[in-house]
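Report on the structure given below.
Each reported figure results from applying straightforward, stated rules to the coordinates on display, with no laboratory input. None of these values were measured; they are calculated from a predicted model. Note that we place each Cβ from the backbone using ideal geometry, even for glycine, and neighbour counts take in every protein chain shown.
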């Protein structure tokens, strides 16, 4: 029951509120009689405290000093009987009640405390039973919605109606769903961005947020499953005060939300796995015809335009585990979505994308923009296969993208955009098998130098590499290595002696350059 309901009781007939009229909606959960000075140690939150004032009959100021302490303990209201020890409630007590936001009731002289206690407890028990009945009806109503398969959105919309306040569900992927309030309204008061960042804060229960020169009170409740937090449910105290009944309802139904979120996640993942398998088959050239591609794509909600041409991209990211790749693709899929221009799927330890040739430049810009947002600036590289001649068979484009990816990976060198033309001679070197013949070739041109450098802590291999790169120009080699010309000449002479070959000869230099390229790729 509420404080305002107390005055309608027969046992307090003739009583009136003398302070705190604006707080009559305050919940009363019990009643206590105060006739001892140390009552502060015995009161409980939500109680109506009734007294004759005997303990303070000679010192009203002391009574006034106790009122703020009672307010701090959560006492709902104080009732003082008149014409017993006080002809009228002293002004100092009334002023203290007003200052402490305490409801102060002047009880009629005929009020019998035992009758008040009996009637109030009867009303409270009846009220609690009624509240529990309503609560159970609401829980049943919400449960029925999930059983009928109405989904989480309708469930939360109904919950918002029952609570009389807007709610925000923040899911683990930082997506937030709004009910009872529009995104524009949330942005208008400046709460949208701050609520999106809420999960990192981790607060529970009541907290406040200041926005648009207004203080908003928000109740937060974690949606848990097996000690793992799935989401956060926030109730915004906008239309009415959040009550104990509201909080109890949330406590009763959050497990349902958790189960529905898990079911929704399982459904989404199952659907997404099928979508990703279709895209992988498309990339690998397993579609028999354009119609076969179109039919399989339409089954999972993807629209493929027969008139368009496509190419395959592979993402190079600084991630290692499959879990990280799965997280990254979820982020990319969430932000880019599946359109007629971009299709994404996890592939081995990376992400593959199919992009429309007709909107190719825009696709690349969108992917790089999202990559910069998700991974950080300049941390995403794309290995781009050529345009496919058949829209249903992307296998050649995929093979080219894989070749670019592996060559860049072996060299440890990635540009933001990597095309087949960029890898040059490495495309041919990539086809050379790593066998005894390659070992023999490298042993002839490089291994003696590398071994000599290790034993003597010298720098002959790097000198030869720079010299070859400078087209046999000693002066330019000395400048690039910040070394004296005579030192370079001495090193080159020593290289000539160790390898027993004329490094001034153009054919020999070409063979050495080839050996260096192979060494950098495979060793």
* **C-alpha long axis of helix 395-411 to longest principal axis of the chain, angle in °** => 90
* Structure fact -> Taking 0.36 nm per residue of separation between residue 454 and residue 483 and subtracting their Cα-Cα distance, the length gained on full extension comes to 8.4 nm
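Sort 299, 6, 355, 117 so the one with the fewest other Cβ atoms within 10 Å of its own Cβ comes first.
Values: 299 11, 6 26, 355 23, 117 17.
Least crowded to most crowded, the residues run 299, 117, 355, 6.
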* Once you have a ≥ b ≥ c as the square roots of the Cα gyration tensor eigenvalues for region 3-122, tell me rounded if a/c is under 1.5, and otherwise prolate or oblate according to whether a/b is larger than b/c. => rounded
* Asked: What FRET efficiency, computed as 1/(1 + (r/R0)^6) with R0 = 25 Å and r the Cβ-Cβ distance, is obtained for residue 158 and residue 126, rounded to the nearest 0.05?
  -> 0.35
* Structure fact -> The Kirkwood hydrodynamic radius of region 284-428, taken as the inverse of the mean 1/r over all distinct Cα pairs, in Å, comes to 15.6
* To do: Any chance you could run the full-extension gain for residue 137 through residue 493? It's 0.36 nm times the residue separation minus the Cα-Cα distance, nm to one decimal.
  => 118.7 nm
* To do: Divide by every residue of the chain the summed helix terms, -39500 (n - 2.57) for each DSSP H run of at least 4, and state the resulting mean residue ellipticity at 222 nm, rounded to the nearest 500 deg cm²/dmol.
  => -16000 deg cm²/dmol
* Structure fact -> Pseudo-spin-label distance residue 436 to residue 101, built 7 Å along Cα→Cβ, given in nm, is 8.9
* Note the angle between two axes, namely the Cα long axis of helix 322-336 and the longest principal axis of the Cα atoms of the chain, as a number of degrees from 0 to 90, rounded to the nearest 10. => 70
* Compute the long axis of helix 447-456 from its Cα atoms, compare it with the longest principal axis of the Cα atoms of the chain, and write down the angle in degrees, 0 to 90, nearest 10. => 70
* Least to most buried among 208, 350 (fewest other Cβ within 10 Å first) -> 208, 350
* **Pair residue 362, residue 443: separation of 7 Å Cα→Cβ label points (nm)** => 5.9
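Give me the orientation-averaged projected area of the Cα convex hull of the chain, in nm², one decimal.
Values: hull surface 158.3 nm².
For the chain, averaging the hull's shadow over all directions gives 39.6 nm².
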* Using r as the Cβ-Cβ distance of residue 421 and residue 265, and R0 as 35 Å, what FRET efficiency do you calculate, to the nearest 0.05? -> 0.20
* Residue list for region 132-158, given a label point 7 angstrom along the Cα-to-Cβ vector of residue 248 and an amide N cut-off under 18 Å -> 132-143
* Asked: Label-point separation (nm) for residue 504 and residue 290, each offset 7 Å from Cα along Cα-to-Cβ?
  -> 6.5
* Asked: So for 82, 326, fewest C-beta neighbours within 10 Å to most, what's the order?
  -> 326, 82
* Provide the gained length on full extension for the span residue 27 to residue 228, in nm with one decimal, where the gain is 0.36 nm per separating residue minus the Cα-Cα distance. => 69.0 nm
* Computed FRET value (nearest 0.05) for residue 298 with residue 144, which takes r as the C-beta separation and R₀ as 35 Å -> 0.55
